[in-house]
Amino acid sequence: MGLKNMSLILGFLGFVFLQGLLVCTAYNVHHYSFIVKNTFFERLCSNKTMLTVNNGFPGPTIHVRKGDRAYVNVHNEASYGVTIHWHGVKQPRNPWSDGPENITQCPIKPGKNFTYEVIFSDEEGTLWWHAHSDWTRATVHGAIVILPEANTTYPFPEPAAEQILILGEWFKGDVKEIIDNATATGGDPTVSDAYAINGQPGFPNNCSNDTSYKLTVEYGKTYLLRLVNAVMNEEMFFGIAKHNFTVVAHDGAYIKPVTTSYIMITPGQTMDILLTANQSPSHYYMAATPFFDSNAPYDSTNTSAILEYTGNYTLPSSIPYPTLPNVTDQDAADNFTTRIRSLASAEHPINVPKNITTQIFIAVSVNQILCANASCGGPSGNRLAASLNNVSFVTPSIDILQAYYRSLTGVFGSDFPSQPPYIFNFTGDVGNNTLYPSQGTKARLINYGEAVEIVFQGTNVGNAENHPMHLHGFSFYLVGTGYGNFNATSSPSTYNLNDPPEVNTIGVPKNGWAAIRFFANNPGVWFMHCHLERHASWGMDTVLIVKNGTTAESSILPPPANLPTCS
């Protein structure tokens, strides 16, 4: 998990004209080089080559302070195009470096390179980066550590040390071949063969005991664990045998401390956890197991690592293993997630929109596309699909940002609907009347400065399950969730507008709804999609375009000179 910082941190002093005053802004600049290439690995009694960054799985960690800037030169030595996304980094006015393939850029071609300018603003805590081309993020990912500004500190006692824990997956097969085959046949992609903690499946997986990741701690000290869920298609429970811990940050923002024996974390989310080594010195398992509330195929295995105390002691004959909720335990998932609240302190204030000026209601569904002669590999010989407001997203061959910025026609439509084409009993007996979506490349344009509310309504169409929805370019406030159909009259009365969590990825409950709010103060083209990778591949995506404001400071930055070409 080490990184090679390609230069010393350079002092940078900039001046911005703000509200008629000349304001001095200082930040550090960091430089990294990412080499994307195939690397040989052995896991689960077999071996393979797979795409990595700098030969690591996971890849290197980016270290910055709040408000810093990083330049990451990505060299593509793979045999196909790739892009990198800086998950949870708002990239103010800079969608050119956001990364989703054919949304804000075309892929970096084999043998070429592109330097991303990663602009940090008010994020603080743990985020992550990952490839954003097909399923390459399965092996191309790593953490981002954002420390407090210089001369400030955490809103909790300084930990003795910090450690990154990345939950991932191991596929014995070639991940690109897996999704390419599923795309060709229209069926479900093959599930992973194991989960992993920092790249190691651990006990009880075959040929994994001796290579388990180990975290060494000293009795009586408190450690900050930076946890990332890089898993492709499953939410995860995580816990440590005989230890409680305290969650203090979520998606790069501080929360009111939540002390618990387990967490539930969706793909795309990050959590900062304080662990006090207060048990008898010994070995203890850390473990992650899936939370899965669908009838779809999923990886039912467990992954583990070892919490190893320093000192002299006799190892137990059997290392304690944490007791985690059952794979389908929705109550356990809710009991954790509903406790999360923003810190909302004087030092870390929040700004929840109260007077909403743009409302969007989105039905979230898993669907099918009819295949002639029932020739596809999905249900009833059809092709599996997914949709938002009954539109299954089609990725264009020219990126939407370039098309929007240069006024190119025929690339996308600006008519993504603000509500479903018709209202039905979303979580009831839906029948087949919404099973077959339309297909298109549609975006929703929003005026700069609008106070936006989006309600995601899960549906019983196709195969109902929890959907982790992620919005690029913003953190937003999760102001409410519930089961059943959202009621525009009564449901808002349950909202938390005082200290809702400020996040970038949220779980829309199975057959339920989730409401988010944010100010559209970041001009650009921003992808919004389910972070279950199979659903994103099937079309559970759309694009929000925030138009420029009236000043240069509220408008998209000009494109970089070396932007990858689409030809």
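The values are calculated or read from the model by the stated rules, or taken from the named source; none is laboratory data. Everything numeric here is computed off the predicted structure, so don't read it as measured data. With ideal geometry, Cβ positions are generated from the backbone for all residues, glycine too; neighbour counts draw on all protein chains shown. The protein model used for the area step is the full one, side chains on, heavy atoms only, and it has no ligands, DNA or RNA in it. Shrake-Rupley method; radii C 1.70, N 1.55, O 1.52, S 1.80 Å.
Net charge of the neighbourhood of Val479, taken over other residues with C-beta under 9 Å away and scored Lys/Arg +1, Asp/Glu -1, is 0. Each Lys or Arg adds one and each Asp or Glu subtracts one; over the other residues with Cβ under 15 Å from the Cβ of Tyr27, this totals -2.
For the cross-link pairs Lys221/Lys242; Lys66/Lys90; Lys109/Lys442; Lys37/Lys172; Lys112/Lys176, the ones whose C-alpha atoms lie over 22 Å apart are Lys109/Lys442. Of the trypsin sites (Lys or Arg not before Pro) found in the range 401-473, those that fall in a DSSP loop while having at most 11 other beta-carbon atoms within 10 Å are Arg406. Summed over the residues of the chain and divided among them, the accessible surface reaches 38 Å² per residue at a probe radius of 1.4 Å. The eigenvalues of the Cα gyration tensor, multiplied by 5 and square-rooted, give the range 93-173 an equivalent ellipsoid with semi-axes of 29, 20, 9 Å from largest to smallest. Counted by Cβ distance under 15 Å from Phe361, the other residues give a net charge of +1, where Lys and Arg count +1 and Asp and Glu count -1. Computed from the C-beta positions of Ala160 and Ser261 and an R0 of 22 Å, the FRET efficiency is 0.55 to the nearest 0.05. The smallest convex shape that holds all Cα atoms of the range 128-261, its convex hull, gives 144 Å³ per residue.
Placing a label point 7 Å from the Cα of Asn55 along the Cα-to-Cβ direction, the residues of the range 142-159 whose backbone N falls under 19 Å from that point are 142.
Per the Debye formula on identical point scatterers at the alpha carbon atoms of the range 342-445, with no solvent, log10 I(q)/I(0) at q = 0.17 Å⁻¹ is -0.93. Charged side chains reduced to their Cβ positions (Lys and Arg at +1, Asp and Glu at -1) give the range 358-554 a dipole of some 340 debye around its Cα centre.
A straight chain from Ser555 to Asp122 at 0.36 nm per residue would run longer than the Cα-Cα distance by 154.0 nm.
Considering the chain, its Cα convex hull presents a mean projected area of 25.9 nm².
Between Thr357 and Ser407, full extension at 0.36 nm per residue minus the direct alpha carbon distance yields a gain of 15.4 nm.
A Cβ-based charge dipole, computed about the Cα centre of the range 28-152 with Lys and Arg at +1 and Asp and Glu at -1, lands at about 260 debye.
Per residue, the Cα convex hull of the range 358-554 amounts to 122 Å³. Distance in nm between label sites at Thr489 and Ser79, each 7 Å beyond Cα in the beta-carbon direction? Inter-label distance under the simple model: 6.2 nm. Semi-axis lengths, largest first, of the ellipsoid equivalent to the range 154-346 are 29, 22, 14 Å, with √(5λ) applied to each eigenvalue of the Cα gyration tensor. If R₀ is 41 angstrom, what is the calculated FRET efficiency for the pair Asn326 and Phe41, using the beta carbon separation as r and rounding to 0.05? For R0 = 41 Å, the calculated efficiency reads 0.85. Residue separation of Asp334 and Tyr309 scaled by 0.36 nm, minus their Cα-Cα distance, works out to 5.8 nm of gained length. Where both bridge residues fall in the chain, DSSP classifies roughly 75% of the beta bridges as antiparallel.
Each listed q (0.16, 0.22 Å⁻¹) maps to a log10 I(q)/I(0) for the range 28-152, found by the Debye formula over equal Cα scatterers with no solvent: -0.74, -1.27.
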